[in-house]
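Notes to accompany the following structure.
The values are calculated or read from the model by the stated rules, or taken from the named source; none is laboratory data. The model shown is predicted, which means the values in this text are computed figures rather than measured ones. Cβ sites come from the backbone with ideal geometry, for glycine too, and all protein chains shown count toward neighbours.
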Amino acid sequence: MPTYAIGDIQGCELELHRLLERIRFDPGADHLWFAGDLVNRGPDSLGVLRLVRSLDACSVVVLGNHDLHLLALAAGNQKHAQKSTLQAVLEAPDREELLDWLRRRPLLHHDSAKGYTLIHAGLPPQWTLRDARACAGEVETALRGSDWRDFLSAMYGNEPSRWSPALTGIDRLRFITNCLTRLRYCTADGALALKEKSLPANCPAGLFPWFQCPGRQTRTARIIFGHWSALGYWDQDNVWGIDSGCLWGGSLTAVRVRKSKPIEPLHLPCAGYLTPGEDGD
């Protein structure tokens with residue numbers, strides 16, 4: 001059964017259809033991993049949600065920051081609403097079914113047979129893979145519980161910036177969420193630098209891409225991630241970055257995931273809907 005991981009789609013339904021045609025996707029035999037950010041800023045977030053949900057039996061979706069933003073809007077949190085192109089989803093007749101499906105997606109997927117882990121953004125250096133899986137489960141429990149709106153109402157913010165096992169409540173959930181859905185850079189001692197979005201060659205002294213942070217506990221784990229469109233396709237440091245900027249005129253990337261052979265990338269060139277240099281968080 002071939003498995004393909006697909007990078008950030010962000011509402012680009014036409015490109016997703018074309019990519020599935022390029023890999024000759026067979027829902028009866030193949031499996032898909034989606035690295036999050038299904039929605040927002042592209043032309044058809046509603047179409048992407050409907051398509052990916054229809055593939056639920058043969059796919060895994062991890063949540064990205066834009067997916068959580070959609071859920072936050074639906075829960076009544078209007079922060080950053082002006083940056084959204086999600087009204088069609090919020091007004092759709094099948095809105096509740098789509099949103100209920102979306103908030104039950106995981107933040108991390110680990111495949112022990114293939115030996116890969118899928119996340120949207122990054123992991124802090126202090127976490128082992130076991131820590132990451134447990135922490136992701138805490139946020140998943142909050143999203144699936146009866147108080148999910150309360151979590152989403154307090155989700156936004158950059159603090160706390162440093163991990164401690166003693167963190168509790170919304171501070172703990174916010175830190176975990178920021179790592180898994182927003183992280184690009186850390187300091188040498190593991191503090192999150194969430195405002196920094198430059199390329200690694202231009203980042204300020206003292207900051208490291210999360211996957212190059214000194215002492216990273218997951219350096220032997222094989223991790224696939226999205227989120228960092230400016231970085232483009234990345235296959236170093238035992239990690240694979242597969243957000244290659246479809247929304248920004250780059251490409252939509254799929255990689256074939258196999259245990260005993262190297263990952264094989266396929267890049268579908270895209271026309272783009274936004275100008276590179278706009279806020280890409």
Any chance Arg216 is among the charged types (D, E, K, R), touching a Ser or Thr at 6+ places or on another chain (Cβ under 8 Å) and either touching a residue at least 40 places away in the same chain (Cβ under 8 Å) or within 19 Å of Val62 (Cβ to Cβ) (or both): no
Count of residues meeting criterion [surrounded by 14 or more Cβ atoms within 10 Å (Cβ to Cβ), of a type outside the set (Phe, Trp, Tyr) and under 21 Å from Leu102 (Cα atoms)] in segment 150-169: 4
Output for segment 49-68, where each listed residue is in a loop (DSSP other than H, G, I, E, B) and of a type outside the set (A, V, I, L, M, F, W, C): Gly64
Residue match in segment 204-211 (condition: assigned to a helix (DSSP H, G or I), farther than 18 Å from Leu19 by Cβ and not polar (S, T, N, Q)): yes
Candidates Asp243, Asp171, filtered to the one that is part of a loop (DSSP other than H, G, I, E, B), within 30 Å of Gln78 (Cα to Cα) and in contact with an Asp or Glu (Cβ under 9 Å, 6 or more places away or on another chain): Asp243
Sole exception among (1) closer than 19 Å to Ile6 by Cα; (2) touching a residue at least 24 places away in the same chain (Cβ under 8 Å); (3) of a type in the set (Phe, Trp, Tyr); (4) in contact with a strand residue (DSSP E or B) (Cβ under 6 Å, 6 or more places away or on another chain) for Trp234, by number: (2)
Members of segment 26-48 found to be buried (at least 20 other Cβ atoms within 10 Å of the Cβ), touching a Leu at 6+ places or on another chain (Cβ under 8 Å), not charged (D, E, K, R) and not in a helix (DSSP H, G or I), listed by number: Leu32, Trp33, Ala35, Gly36, Leu38, Val39, Asn40, Gly42
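Considering only residues of segment 74-127 that are among the basic types (Lys, Arg) and under 20 Å from Ser146 (Cα atoms), which is surrounded by the fewest Cβ atoms within 10 Å (Cβ to Cβ)?
Ranking the qualifying residues of segment 74-127, first place goes to Arg104.
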Residues satisfying the stated conditions in segment 3-25, i.e. surrounded by fewer than 24 Cβ atoms within 10 Å (Cβ to Cβ), of a type outside the set (A, V, I, L, M) and either at positive phi or part of a loop (DSSP other than H, G, I, E, B) (or both): Arg24, Phe25
Filter pass, Trp127 being at pLDDT 95 or above, assigned to a loop (DSSP other than H, G, I, E, B) and of a type outside the set (Gly, Ala, Ser): yes
Qualifying residue in segment 250-260 (condition: assigned to a loop (DSSP other than H, G, I, E, B), exposed (fewer than 14 other Cβ atoms within 10 Å of the Cβ) and either in contact with a helix residue (DSSP H, G or I) (Cβ under 9 Å, 6 or more places away or on another chain) or not β-branched (Val, Ile, Thr) (or both)): yes
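Taking segment 125-156 on its own, how many of its residues are touching an Asp or Glu at 6+ places or on another chain (Cβ under 9 Å) and either closer than 25 Å to Leu70 by Cβ or of a type in the set (Phe, Trp, Tyr) (or both)?
Count: 1.
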